[in-house]
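First comes the structure, then the notes that go with it.
The values are calculated or read from the model by the stated rules, or taken from the named source; none is laboratory data. All figures in this text were calculated on a predicted structure; none of them were measured in a lab. Here the Cβ is made from the backbone with ideal geometry for all residues, glycine too, and neighbour counts use every protein chain on show.
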Amino acid sequence: MIFTEIVGVAEIGEVMLKSYLEYHTDPICVYCSEADRDYLSKSINSDVVKYNIVNEDIISAYQQGHLGTAKIYGEILSDRFVEDVIHIDSDVVFKKESISLVKTKLNEGYALVGPMRRYKENPNNRPDCEYRENVVQTFLFGFKKSYVTARNKHLFTSMVVGNSIDGQPVIDFFDPVSFDILQNGGKIYHLPRQKVGGFSETGSDSNIGNFINCDLEYGENLIHFAGIGSGFFRYKGNAPHMSSGYADWAVERYKMFSNLFNIEKEQFALSEDKKILQEKLLRTDYAIFR
């Protein structure tokens, strides 16, 4: 099963889906509202895309940030009929075929496959977490459900949103489930950062092309524009609560994304650092911003 969630951010998800369809033929399940489906269907006509309309409870949960996404994961984790699950964030843009990077390793028996989320020498200023194993980021990753301990949907949702169930510290989304997979004997494989961006195991976080993780996850196969969903909600005036600093950061990132993919009618003026980043992206990957 390959899935993504595009709830309230159809304009962003449209960019991801178009890039996905350019390089992939594997069916992808899109969790979305009816309004999102209607918007996406106007420009995306493919049997590869399977829409799954979410209920009002999930739509309401998106007003609390990542809780809506966690509820979708909770439903998937509660369904024991699918073994291999691959997830793609709606703010990923593909430059090459990339799903095989995950599928191949799942087929080889790895139970958790994705870009590294660093706990050892982590960049989150969390020394309390450094004794734990490195796990995975979730913008493109896969896992085997047979290595996840059976629990009810409510507890799965809590774990996915990042709540520890054993008192040990966690850093981010899905990490409690990742540690459960490792605890149950699952093997982990970290996708090469040259391909998908993300962190090195230690030391410098510079990526190929001089893109760094404070900008975006940048690799040969894809670019992950983190934060633009929050920026989109804030720009449209219907964002969940967030700090003013994060909101300003997210909105400017969305404005850069909009400039690159012509989402809004206007071209936005950007701060100097985002202007430089935008120009760098246009020079490096001009073909995907046509």
Residue among LEU106, LEU77, LEU155, LEU101 that alone is in a helix (DSSP H, G or I) and free of Cβ contacts under 8 Å to residues at least 24 places away in the same chain: LEU155
Residue within region 109-123 that is surrounded by fewer than 19 Cβ atoms within 10 Å (Cβ to Cβ) and either over 21 Å from ILE181 (Cα atoms) or under 15 Å from the mean Cα position of the chain (by Cα) (or both) present: yes
Any chance ALA70 is out of contact with any strand residue (DSSP E or B) (no Cβ under 8 Å at 6 or more places or on another chain), without any contact (Cβ under 8 Å) to a residue 60 or more places away in the chain and over 28 Å from ALA287 (Cα atoms): no
Positions within region 228-248 being surrounded by 18 or more Cβ atoms within 10 Å (Cβ to Cβ) and either aromatic (Phe, Trp, Tyr) or not in a helix (DSSP H, G or I) (or both), in sequence order: PHE232, PHE233, TYR235, ALA239
Contacts under 6 angstrom Cβ, first residue in region 27-39 being surrounded by fewer than 20 Cβ atoms within 10 Å (Cβ to Cβ) and in a strand (DSSP E or B), partner at pLDDT 95 or above and of a type outside the set (A, V, I, L, M), 6 or more apart: CYS29/PHE3; CYS29/LYS50; CYS29/ASN52
Restricting region 163-183 to residues that are free of Cβ contacts under 8 Å to residues at least 40 places away in the same chain and assigned to a loop (DSSP other than H, G, I, E, B), the residue that is surrounded by the fewest Cβ atoms within 10 Å (Cβ to Cβ): GLY167
Subset of region 68-82 that is over 17 Å from VAL30 (Cβ atoms) and touching a helix residue (DSSP H, G or I) at 6+ places or on another chain (Cβ under 6 Å) - its residue that is modelled with the lowest pLDDT: SER78
Residues being farther than 19 Å from MET16 by Cα, out of contact with any Asp or Glu (no Cβ under 7 Å at 6 or more places or on another chain) and of a type in the set (D, E, K, R) - total across region 262-290: 8
Candidates SER90, SER43 - the one that is out of contact with any Cys (no Cβ under 9 Å at 6 or more places or on another chain), surrounded by 14 or more Cβ atoms within 10 Å (Cβ to Cβ), polar (S, T, N, Q) and assigned to a loop (DSSP other than H, G, I, E, B): SER90
Residues satisfying the stated conditions in region 112-131, i.e. in a loop (DSSP other than H, G, I, E, B) and among the basic types (Lys, Arg): ARG118, LYS120, ARG126
Of all residues in region 93-108 being surrounded by 14 or more Cβ atoms within 10 Å (Cβ to Cβ) and over 27 Å from PHE289 (Cα atoms), the one that is nearest to the chain's Cα centre (by Cα): LYS103
Answer residue from region 46-59, given it is in contact with a helix residue (DSSP H, G or I) (Cβ under 8 Å, 6 or more places away or on another chain) and assigned to a helix (DSSP H, G or I) and is surrounded by the most Cβ atoms within 10 Å (Cβ to Cβ) among those: ILE58
